[in-house]
1. Assess whether residue B:216 counts as being more than 14 Å from chain A (Cβ to nearest Cβ) and at negative phi.
2. For the range B:190-278, which fully contained helices (runs of 4 or more DSSP H) count at least 3 residues that are within 15 Å of the chain's Cα centre (by Cα) and either touching a residue at least 40 places away in the same chain (Cβ under 8 Å) or over 19 Å from residue B:167 (Cβ atoms) (or both)?
3. If I go through the range B:156-173 residue by residue, how many of them are hydroxyl-bearing (Ser, Thr, Tyr) and within 14 Å of another protein chain (Cβ to nearest Cβ)?
4. Considering each of A:180, A:106, A:139, A:118 in turn, give the residue that is touching a Phe, Trp or Tyr at 6+ places or on another chain (Cβ under 6 Å) and hydrophobic (A, V, I, L, M, F, W, C).
5. Within the range B:229-261, take every residue that is among the hydroxyl-bearing types (Ser, Thr, Tyr) and surrounded by fewer than 19 Cβ atoms within 10 Å (Cβ to Cβ) and give me the one that is farthest from residue B:57 (Cα to Cα).
6. When the range B:104-155 is examined, which residues are found to be over 16 Å from residue B:205 (Cβ atoms) and among the polar types (S, T, N, Q)?
7. Would you please name the residue that is modelled with the lowest pLDDT, looking only at residues in the range A:56-70 that are buried (at least 23 other Cβ atoms within 10 Å of the Cβ) and out of contact with any Asp or Glu (no Cβ under 7 Å at 6 or more places or on another chain)?
8. Kindly state which helices (runs of 4 or more DSSP H) lie completely within the range B:136-189 and contain at least 1 residues that are of a type in the set (Lys, Arg) and at pLDDT 90 or above.
Amino acid sequence: MRNLADNAVAEQTGASTRAMITVEGVHKGFNVRATGGDDGGGGYMTVLQDVSFDVKEGELVSLLGASGCGKTTLLRMAAGLIKPDQGSISIKGTRLQGPRKDLCMVFQNFSLLPWRPVLSNVAFPLELDGMGKAEREDVARHYIEIVGLQGFERHFPHELSGGMQQRVGIARALTRKPLVLLMDEPFGALDAQTRETLQEDFIKIWAQLKTTVVFVTHSIDEALMLSDRIIVFSSRPGRIKRTIAPPFAALRGQEDVRVKPEFGSYAQEIRDLLRVERTP
Amino acid sequence: MNDASMTEPRATDMRPQEKPSVLEWLKARPNVLRVSAVVIFFIWWELVGRDVNPLFMTYPSAIFRAAWIMTQSGELPKALVASSLPFAIGLSISIFGGIVIGILIGTFWFLEYSLDPFLNALYAIPRVALVPLIILWAGLETTGKVTIIISLAIFPVIINTYSGIKDVRGSLIEIGRAYGATEIQIFQKIVLPACVPYIMAGIRLAVGFGIIGIIVAEFFTAITGLGGLIVFYSNNFATAKLFVPVIVIGILGIAMTQLVAMLEKRLSGWRISERERF
């Protein structure tokens, strides 16, 4: 008996060191206004229901679902910006209490500080950490080069295109060498061509750094092209519908996986998963 | 291929550029027209002004002569200093005090709610109505003038700073939170810089109000300063001399506004060019 229990503990700790993020039984709801709403008035709306999964170290996991499925809420919880009503989120076995400096966020609307040029926008997280100006700007320059923006250090965000602004957002998130990169529909606000270029470049950057990434998206193609695993969410309340491990992970960044015949069938499968719930 | 054949006829349709007309030449050089208009105005004024009764109207060369006499006698420089000092003090207090009060009521709800009625009441009352009371309390000299200037100039700074703080986009603050900034860092590095364009707009208004304030103050006290000169010479029907302080105030006003505009462009240029883009 004792031996068995010990073994179980050993196994558990073994698992939790392998897992970078552990999401366990997370529930989240919001009070909504009494007026309007398609579910017959206001009250409490469950956004996420009993969500459990983990993300292994170095893995790129997509949270995929229609808008309103709570995937962004989940990401904000993983960033420590909001707390789950029930359940817990742990990073390397430590329960998350609030924002952590080693979890860095890339925002959908880029969220750069408009009065700062590129260099000091990228150096912003290090500035918060109290790093000296010369040192943090050196680090920032390094990441500006990685995202391909060298020569734009003195430009202001409004002087850059959307794609370039998001490159700044990615560079900023990388400066702290985060354990986890949390990306909230990072390419959702870009036009199709820019999005593709950024996806390709992001994969190259990611291949160099091998950071753990949680990637929120509503684009099936994007999820299939980028992810090791895709967690498909249902809507209202958001629940995990299925976890899919697309076989294209090994080919990322080398060839266009969208032309592969399996790509279509995977996309169709996910499309069907997302469609099922739409019928009332 | 299709594209080429479609653009072809358009290219041939293009007529060779006509020689630009005089009007277009002028349109491209607004300063030429501005300067000419002013010069023509002064010539016209000089010619017509000489024929009007000097009790009611004067003309540029007479004003210039009056300015020379008043400068020589030391009257104008003395008045200028008498007005400038309270103006500088009043405006500085308005700007610093306004920013501090604006930040405080924008940040702490307790202060916001408890000071709100007073600020609204003071803002709603035409401050000129309070001038006799202020003079009664603070006297006719510098203290009185400074108080009158503050009563006019502090409000735009308070209100602009306050709305600047209230308008900081939640998404900007969220950057700070997501990257683990402390509350003080969020204030220093996000809220305050985001407010700078608002504060600068408040300062621009404060300069205008401050100039009105100093003149109004001197009208009431009517002893010293540029405003005092205006009242004195208007009572003596010395129209040419009356124009001198008016013009000096005009020039000062333009200079101050330009200075603030320059500062504004430097400090919140990002905001201006951001607006142009979106």
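The values are calculated or read from the model by the stated rules, or taken from the named source; none is laboratory data. Model, not experiment: these values are computed from the prediction. Cβ coordinates were reconstructed from backbone atoms using ideal geometry, including for glycine residues, and neighbour counts include every protein chain displayed.
1. Details: more than 14 Å from chain A (Cβ to nearest Cβ): yes; at negative phi: yes.
Taking the combined requirement at face value, the residue satisfies it.
2. Numbers: elements: B:192-221, B:225-235, B:239-277.
Counting at least 3 such residues, we get B:192-221, B:239-277.
3. Step one: of the range B:156-173, the residues hydroxyl-bearing (Ser, Thr, Tyr) are B:161-163, B:171.
Checking the rest, the ones that are also within 14 Å of another protein chain (Cβ to nearest Cβ) come to B:171.
So the count comes out to 1.
4. Values: A:180 fails: touching a Phe, Trp or Tyr at 6+ places or on another chain (Cβ under 6 Å); A:106 fails: touching a Phe, Trp or Tyr at 6+ places or on another chain (Cβ under 6 Å); A:139 fails: touching a Phe, Trp or Tyr at 6+ places or on another chain (Cβ under 6 Å).
Every option except A:118 fails the conditions.
5. Taking the range B:229-261 and keeping what is among the hydroxyl-bearing types (Ser, Thr, Tyr), we get B:233-234, B:239, B:257.
Remaining after also requiring surrounded by fewer than 19 Cβ atoms within 10 Å (Cβ to Cβ): B:234, B:257.
Details: B:234: 11, B:257: 29 Å.
Checked the range B:229-261; the qualifying residue farthest from residue B:57 (Cα to Cα) is B:257.
6. Correct list: B:107, B:114, B:120, B:142, B:143, B:147.
7. A:69
8. Passing ranges: none, list empty.
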